[in-house]
Amino acid sequence: MGKDLISLLDLQEEEIEQLLKSASRLKAMQKRGISYRPFVGKTMALLFEKPSTRTRLSFQAGMHQLGGDSIFLSPEHTQLSRGETLEDTARTVSCFADIAVLRTFAHRTVEVFAHNASIPVINGLTDLFHPCQILADLLTIQECFGESRHKIVAFVGDGNNVAHSWINLAALWPIEVRVITPVGYEPSEDVVEHAKRCGGKVIVTSELKAVKGAHVIYTDVWASMGQEKEHQKRVSEFKGYQVNSRLMELTEKDAIFMHCLPAHRGEEVTAEVIDGPKSVVWQEAENRLHMQKAIVIKLMGGEGDVVVK
């Protein structure tokens, strides 16, 4: 891993393994009431263009638990709203903060900011990728199965930023990713082809039968932030791709259901599934906290493999 985490492709397989170990230890420490505060006096800046619940809370709570502070900034509360360039903003934030998390629409925004910042930068979500979510998801799969390798993840729905990051993971980690989506909503061909060139097992199909044999059924909202005007059209075109009890019956007996949240119950998933025995969405949501802490520790030069002194 370099200075930043902009996409999962910034990582190596051994670094993913290290993050999983660190996040697991941090979670165990919290459950045992053990304090680990390596970043007293350090500050995290969060610059968010998009609304957030889990990303904002997990990073702010995580930084607090690590002994540091965080400052939340929306565009209208910065000089970006008055014409300051992104490059100058990145240089300015670097004067006051020790690490920054961005949650933006255009992926290019994070890339430009990171290029001009002298502090580590984390992609908290863009329209192209959502790397931190998938790392937390991988931790959840590991907890559920005892191992996250050699699992089949069936992503049912829009070929969006979350799907892209699952495909990125397939380029780095021994899993199979099947993206099952209506024609016209497939993930980026460039993202898929890069994963395949790296030896990743990726299937893109419109056939729901592709969920057979999957260990994980994963979905996301049909209309992401910024696509609200397409909502009704997407509801119509995705209606056959709802994760419901009939679809879950096609999977392995020990298969789990995952969703990055927020969920639109009755659209991409039924209440019966998300609240059912196969659902691990709340465990998945909690794991955002522990994985964010592991990422921050890694980027800020803390213990790569967390040690309590």
Mind checking whether some residue in the range 235-242 is touching a residue at least 40 places away in the same chain (Cβ under 8 Å), aromatic (Phe, Trp, Tyr) and in contact with a strand residue (DSSP E or B) (Cβ under 7 Å, 6 or more places away or on another chain)?
yes
Can you tell me how many residues in the range 105-116 are crowded, with 23+ Cβ neighbours inside 10 Å and over 16 Å from Ile295 (Cβ atoms)?
1
If I filter the range 252-294 down to residues being part of a helix (DSSP H, G or I) and of a type in the set (D, E, K, R), which single residue comes out as nearest to Ala136 (Cα to Cα)?
Arg288
Can you tell me which residues in the range 28-64 are of a type in the set (A, V, I, L, M) and part of a loop (DSSP other than H, G, I, E, B)?
Ile34, Val40
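How many of the residues in the range 60-85 are of a type in the set (A, V, I, L, M) and either modelled with pLDDT under 95 or surrounded by fewer than 18 Cβ atoms within 10 Å (Cβ to Cβ) (or both)?
4
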Identify all residues within the range 162-218 that are in contact with a Lys or Arg (Cβ under 7 Å, 6 or more places away or on another chain), touching a residue at least 60 places away in the same chain (Cβ under 8 Å) and β-branched (Val, Ile, Thr); write none if there are none.
Val216
Residue among Asp98, Asp69, Asp127 that is among the acidic types (Asp, Glu) and over 22 Å from Leu11 (Cα atoms):
Asp69
Give me the pairs: first residue in the range 105-132 and in the same structural domain as Lys50 (by TED's automatic domain parsing), second residue among the basic types (Lys, Arg), beta-carbon distance under 6 Å, and six or more apart or on different chains, which are they?
Asn116/Arg91; Pro120/Lys3; Gly124/Arg103; Leu125/Arg103
State the number of residues belonging to the range 103-143 that are over 20 Å from Lys3 (Cβ atoms) and over 18 Å from the mean Cα position of the chain (by Cα).
0
Those residues that are of a type in the set (Val, Ile, Thr) and assigned to a strand (DSSP E or B), I need them from the range 122-134; list them, please.
Ile122
Does Ser224 qualify as being among the hydroxyl-bearing types (Ser, Thr, Tyr) and over 30 Å from Gly2 (Cβ atoms)?
no
Looking for something in contact (Cβ under 8 Å) with a residue 12 or more places away in the chain, in the same structural domain as Ser58 (by TED's automatic domain parsing) and surrounded by fewer than 21 Cβ atoms within 10 Å (Cβ to Cβ) - is there at least one such residue anywhere in the range 144-152?
no
So which residues in the range 163-203 are within 17 Å of Ile134 (Cβ to Cβ), of a type outside the set (A, V, I, L, M, F, W, C) and part of a helix (DSSP H, G or I), if there are any at all?
His164, Ser165, Asn168, His194
Here are the criteria: (1) in a helix (DSSP H, G or I); (2) over 18 Å from the mean Cα position of the chain (by Cα). Tell me which single one Phe72 does not satisfy.
(1)
Among Leu208, Leu299, Leu250, Leu261, which is the only one that is touching a helix residue (DSSP H, G or I) at 6+ places or on another chain (Cβ under 7 Å) and within 23 Å of Thr126 (Cα to Cα)?
Leu261
Residues within the range 212-228 that are assigned to a strand (DSSP E or B) and more than 14 Å from Ser279 (Cα to Cα), tallied
0
Any residue in the range 60-83 that is in contact with a helix residue (DSSP H, G or I) (Cβ under 6 Å, 6 or more places away or on another chain) and basic (Lys, Arg)?
no
Is it the case, given these coordinates, that Asp137 is more than 30 Å from Gly240 (Cβ to Cβ), in a helix (DSSP H, G or I) and among the acidic types (Asp, Glu)?
no
In the range 140-193, what residues are in contact with a strand residue (DSSP E or B) (Cβ under 6 Å, 6 or more places away or on another chain) and not β-branched (Val, Ile, Thr)?
Cys144, Ala154, Phe155, Gly157, Gly159, Ala163, Trp166, Ala170, Glu176, Arg178, Glu186, Pro187
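The values are calculated or read from the model by the stated rules, or taken from the named source; none is laboratory data. What you are looking at is a predicted structure, and each value in this text was computed from that prediction instead of being measured. Glycine also receives a Cβ, built like all others from the backbone with ideal geometry; neighbour counts cover every protein chain displayed.
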